[in-house]
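The values are calculated or read from the model by the stated rules, or taken from the named source; none is laboratory data. It should be emphasised that the depicted structure is a prediction, and the values quoted were computed from it without experimental measurement. As a convention, Cβ positions derive from the backbone with ideal geometry for all residues, glycine included, and neighbour counts pool all protein chains shown.
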Amino acid sequence: MAKIKLEYIWLDGNEPTQVLRGKTKVVDSSKFSGKLDECPQWSFDGSSTQQAEGSSSDCILDPVYICGDPGRTNAHIVMCQVLSSDGFPHPSNGRAMINDDDGDFWFGFEQEYTLWDKATNKPLGFPAKGYPAPQGPYYCSVGAKNAFGREIVEEHLDICLDAGLNVEGINGEVMAGQWEFQIFAKGAASAGDQIWVARYLLERVAEAYDVVVNWHCKPVKGDWNGSGMHANFSNTQLRTANSKAVFEEVCNKFAPQHVIEACIAVYGADNEQRLTGLHETQAIDKFSYGVSDRGASIRIPLYSVQNGWSGYLEDRRPNSEADPYKVAATIIKVVKGGFEAGDAVQAGTYGSNVDDLTIVEGIGPKIASLLTEAGMDTLIEVSNSTPEKIKEILAAAGKRYATHNPGTWPKQAELAVAGKWDELKKWQDELDGGK
Ligand SMILES: [Mg+2]
């Protein structure tokens with residue numbers, strides 16, 4: 001009986017940039033016809049991937065996307081999201097943060113990367129000593145003088161298309177040895193799934209040539225372009241806007257400082273090295289938008305203008321190492337109504353906020369500062385406290401705080417600390433002002 005190879009791939013818990021892992025499950029062909037729901041959950045040792053402690057180390061691989069694996073015989077690739085042993089999304093699981101059930105958002109990611117020579121520790125095409133000729137001739141180049149690594153790029157394109165990924169194009173990029181592929185999908189999760197599978201396939205193709213894929217956003221310092229993952233996006237509102245004002249309204253949702261920070265938090269590590277205001281970028285701490293402006297944070301493509309102000313936008317800030325799930329989740333969240341302090345899903349996506357007490361429903365900025373003054377300045381301390389203790393702090397602050405009921409606050413904080421964002425969000429939806 002023929003055997004089928006299923007390559008389960010997932011993202012580990014490496015910080016600040018998660019890395020792909022994979023292992024093969026062999027199944028009988030009699031039990032498998034190529035469908036996702038025929039792929040069982042599987043487990044792995046999370047203590048070896050920075051996703052669990054050694055004492056309780058099993059994490060769960062939950063299949064979310066399947067495609068053929070043209071690089072192996074009788075094989076499929078199974079993209080998985082990681083669940084904790086309790087069945088809830090693991091804190092490293094960016095896919096779980098996508099709030100896009102209706103598939104109304106479409107994404108086109110432009111994934112740039114650099115093919116890297118292990119021997120010289122430089123991009124393909126760079127001499128062992130010094131630098132090649134300055135940038136200019138490499139972008140969309142042809143010929144051995146300027147194009148380096150095409151055999152890998154071509155093989156990767158074919159294997160992606162054979163697998164059924166919706167790759168829309170490839171091109172040589174501005175720096176020698178730098179390339180790009182583009183993937184479009186309707187639905188944020190699908191776009192993220194396909195980018196991750198394409199990254200996996202590129203790693204594997206390049207591995208056979210003993211070439212490294214360098215995903216870093218600024219692999220060569222100095223006057224060399226960095227690598228981005230421009231995120232083109234639209235929803236029904238943008239696609240049918242027929243209005244300049246609608247485009248400006250959506251762009252302006254990205255402008256507040258706390259939104260800039262929330263975006264940059266998930267737009268890839270070391271982005272300050274790339275978003276300098278040079279090399280077709282806007283500076284990392286600034287926000288701007290403009291028609292056809294490649295120096296803006298968000299570019300309004302000429303297409304959208306000429307299409308009667310209907311179409312899509314391009315956020316140029318996400319970098320080549322960013323997690324497309326988190327990028328898409330963030331863009332959707334901003335467009336759907338922005339960020340509010342105390343939003344648990346936001347915190348789950350942007351883990352650095354776990355000391356934001358306002359994640360607990362019922363704690364506003366005023367009460368958060370009261371608690372902080374009383375020495376309760378982290379969610380861990382709130383979770384270790386009791387409603388009675390918190391009530392004392394509130395009562396001491398005056399009559400207007402005495403009416404607040406902190407009954408659920410320690411338990412809410414506990415869920416936040418444990419990274420159980422979905423559970424917390426569900427509970428908060430049922431709570432009324434934290435009561
Ligand atoms: Mg590009």
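List of remarks:
- Number of residues in the stretch 108-117 that are under 18 Å from Lys221 (Cα atoms) and either of a type outside the set (A, V, I, L, M) or outside the structural domain of Asn232 (by TED's automatic domain parsing) (or both) equals 5.
- When we screen Tyr131, Tyr138 for residues that are surrounded by 20 or more Cβ atoms within 10 Å (Cβ to Cβ), part of a loop (DSSP other than H, G, I, E, B) and not hydrophobic (A, V, I, L, M, F, W, C), the only hit is Tyr138.
- Positions within the stretch 43-66 being touching a Lys or Arg at 6+ places or on another chain (Cβ under 7 Å) and outside any strand (DSSP E or B), in sequence order: Thr49
- Qualifying residue in the stretch 118-133 (condition: within 16 Å of the ligand (Cβ to nearest atom) and touching a residue at least 12 places away in the same chain (Cβ under 8 Å)): yes
- Among the residues of this structure, Gln18 counts as one that is in contact with a Ser or Thr (Cβ under 7 Å, 6 or more places away or on another chain), closer than 30 Å to Trp224 by Cα and crowded, with 22+ Cβ neighbours inside 10 Å.
- Taken over the stretch 27-56, the residue count meeting the criterion of being surrounded by fewer than 10 Cβ atoms within 10 Å (Cβ to Cβ) and in contact (Cβ under 8 Å) with a residue 12 or more places away in the chain is 2.
- Of everything in the stretch 340-378 that is modelled with pLDDT under 50, part of a loop (DSSP other than H, G, I, E, B) and buried (at least 20 other Cβ atoms within 10 Å of the Cβ), the residue that is farthest from the chain's Cα centre (by Cα) is Gly342.
- Selection status of Arg317, under 26 Å from Gln135 (Cα atoms) and in a strand (DSSP E or B): no
- Residue check for His279: within 20 Å of the chain's Cα centre (by Cα) and in the same structural domain as Glu180 (by TED's automatic domain parsing): no
- Tally of residues being within 18 Å of Ala208 (Cα to Cα), more than 15 Å from the ligand (Cβ to nearest atom) and either under 26 Å from the mean Cα position of the chain (by Cα) or surrounded by fewer than 19 Cβ atoms within 10 Å (Cβ to Cβ) (or both) across the stretch 144-158: 8
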